[in-house]
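Undergrad: Below is a structure I'd like to ask you about.
The values are calculated or read from the model by the stated rules, or taken from the named source; none is laboratory data. Predicted model, so just to flag it, every value in this text is computed and none were measured. Cβ sites come from the backbone with ideal geometry, for glycine too, and all protein chains shown count toward neighbours. The area values use the complete protein model at the heavy-atom level, side chains included, leaving out ligands, DNA and RNA. Shrake-Rupley method; radii C 1.70, N 1.55, O 1.52, S 1.80 Å.
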Amino acid sequence: MRRPKHLVAACAAVISLTLLGGTARAQDALARAQAAGVLHIATEEQFPPYDFIQDGKHAGFNVDLFAQIGHKLGLKIDWIDRPWPRIMLGLQSRKFDLAGGPAPITADLAKTFRFLPPVSSAQTMIEIRKGETGLVKPADIAGKKIGAQRGSFALAELRRFNTTLPRPVAIVEYADNRLANADLKAGRLDGVAIAANDVMEVLRHSPGVFGVVQPGFGTRVYYGYMMRDDGDSRSLFEAISNAMRELTQQGKLAELQTKWFGQAITVPAKAPKPEQ
């Protein structure tokens, strides 16, 4: 039986669209990035020294590092500014390729995400006003009012440390470290719990205003960038990891660490298995 020409054409169009759809679905994250020529990265642009706005432009360690990674991969970098909770949700729903930050490599986050090679490490430290004499060691925060960024590893470490103290700390949560530092400067806090590499940036930009209690406390944690832990992201993960390893071997990572953190930091070649 002969089929009408319009029916044959319609069937051919359906088959063609089906095949094209199958091809689109077959593309993984690396293939999509290469096809578009763009790597989409979400980050908080108020997280110095990693991300911040300088003279109206996005700047920081992340910008410099991914400019070099993008050059190696032949990809432009599309930065997307989002609050941290929305970054994690957006990453899971494939709204972008990876999460900037970077984030502390913890067991909780490792349950959901896969970490690229770490770029820094730190313990938690207590930031104080310059000249403060009442806090000379971490345990001296007992009974004091201490701020920390909401959702940060420093806040989690502060809470754990608080259980070991003879008197509880009054913990105040902030949207970011800048707000906590403003209250510390104004005398509304006794100290701020903050990652060591972050407080070094504060001290560098506010000499004579803040100090830091030595030594740090709690777990030494490594910081890395998060990607989805699935087959779709596997080849992109390997491509970025290889680019980062090349930059490390060429001494470029150490140069950026020195520029933004004040010193080179030895980090593992791949994300370590977190202890907690």
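Undergrad: Go through K270, K259, K144 and list them by solvent-accessible area, largest first, probe radius 1.4 Å.
TA: Sorted by accessible area, descending: K270, K259, K144.
Undergrad: Continuing with this model, one more query. Ignoring everything but the protein chains, give the 1.4 Å probe accessible area of V212 in square angstrom, nearest 10.
TA: It works out to around 40 Å².
Undergrad: Sort T266, T106, T164 by heavy-atom solvent-accessible area, probe 1.4 angstrom, most to least. Could the numbers behind the result be given before it?
TA: On the way: T266 125, T106 15, T164 95 Å².
Descending order: T266, T164, T106.
Undergrad: Also, I was wondering about something else. I need the shape label for region 167-215. Rule: rounded when a/c is under 1.5, else prolate if a/b > b/c, else oblate, with a, b, c from the alpha carbon gyration tensor.
TA: Numbers: a/c = 1.58, a/b = 1.36, b/c = 1.16.
Because a/c hits 1.5 or more and a/b exceeds b/c, region 167-215 counts as prolate.
Undergrad: Å³ per residue of the Cα convex hull, for the chain?
TA: Working: hull volume 44.9 nm³, N = 276.
Per-residue hull volume (Cα only) is 163 Å³.
Undergrad: Treating cross-link reach as a plain straight distance, find the lysines whose alpha-carbon is under 21 Å from the alpha-carbon of K273, omitting any fewer than eight places away in the same chain.
TA: Candidates past the 8-residue exclusion: K111.
Undergrad: Convex hull over the alpha-carbon atoms of region 122-241: what's its volume per residue in Å³?
TA: Numbers: hull volume 14.3 nm³, N = 120.
Output value, Cα hull per residue: 120 Å³.
Undergrad: Order M200, M226 by their accessible area, 1.4 angstrom probe, all chains in place, largest first.
TA: Details: M200 75, M226 0 Å².
Output order, biggest surface exposure first: M200, M226.
Undergrad: If you don't mind, another one. Could you pull out every residue, at least 5 positions away or on a different chain, whose amide H is within less than 5 Å of the one on V172? Hs are placed 1.01 Å off N in the peptide plane, and Pro or chain starts have none.
TA: I146, G147, A148
Undergrad: Give the lysines whose C-alpha is closer than 19 Å to that of K259, dropping any in the same chain fewer than 8 places away, or say none.
TA: In chain and number order, the partners are K57.
Undergrad: Can you divide the C-alpha Rg of region 104-158 by 2.2 N^0.38 Å and report the result to two decimal places? Before the final figure, lay out the partial values.
TA: Details: Rg = 14.7 Å, N = 55, 2.2 N^0.38 = 10.1 Å.
Here the answer is 1.46, to two decimals.
Undergrad: Another question, then. If I stretch the segment between T266 and A67 completely, what's the gain in nm (0.36 nm per residue apart, minus their alpha carbon distance), one decimal?
TA: Between T266 and A67, full extension yields an extra 69.5 nm.
Undergrad: Give me the net charge for the shell around F161: Cβ to Cβ below 13 angstrom, other residues only, Lys and Arg +1, Asp and Glu -1. Before the final figure, lay out each step's value.
TA: Working: positive: K137, K144, R159, R160, R167; negative: D140, E157.
Neighbourhood net charge equals +3.
Undergrad: Same structure, new question: Which percent of the accessible heavy-atom area of region 36-164 goes to carbon and sulfur, probe 1.4 angstrom?
TA: Details: 2820 of 5630 Å².
Roughly 50 percent of what the probe reaches on region 36-164 is carbon or sulfur.
Undergrad: Rolling a 1.4 angstrom probe over the protein heavy atoms, how many square angstrom per residue are accessible across region 167-276? Display every interim value, and only then the final one.
TA: Values: 5440 Å² over 110 residues.
That works out to 49 Å² per residue.
Undergrad: Separate question: Where the eigenvalues come from the Cα gyration tensor of region 75-136, what are the semi-axes √(5λ) of the equivalent ellipsoid, largest first, in whole Å?
TA: Numbers: eigenvalues 199, 44, 30 Å².
The equivalent ellipsoid of region 75-136 has semi-axes of 32, 15, 12 Å.
Undergrad: Which residues in region 183-221 have a backbone N closer than 14 Å to a point placed 7 Å from the Cα of T258 along the Cα-to-Cβ line?
TA: none
Undergrad: Expressed as a fraction of 2.2 N^0.38 Å, the rule-of-thumb size for a compact globular protein of N residues, what is the C-alpha radius of gyration of region 25-179? If you can, show how the numbers build up before the last one.
TA: Details: Rg = 18.7 Å, N = 155, 2.2 N^0.38 = 15.0 Å.
Here the answer is 1.25, to two decimals.
Undergrad: Also, quick follow-up: Using θ = phi - 60° and the Karplus relation 6.51 cos²θ - 1.76 cosθ + 1.60, list the HN-Hα couplings for region 117-134 in order, rounded to whole Hz, with x at every Gly or Pro.
TA: Along region 117-134, the couplings run x, x, 10, 7, 8, 5, 9, 8, 10, 9, 8, 9, 6, 4, x, 4, 10, x Hz.
Undergrad: Counting only protein heavy atoms, what percent of the accessible surface of region 167-252 is carbon or sulfur at a 1.4 Å probe? It would help to have the intermediate numbers written out before the result.
TA: Details: 1920 of 3810 Å².
The value for region 167-252 is 50 percent carbon and sulfur by accessible area.
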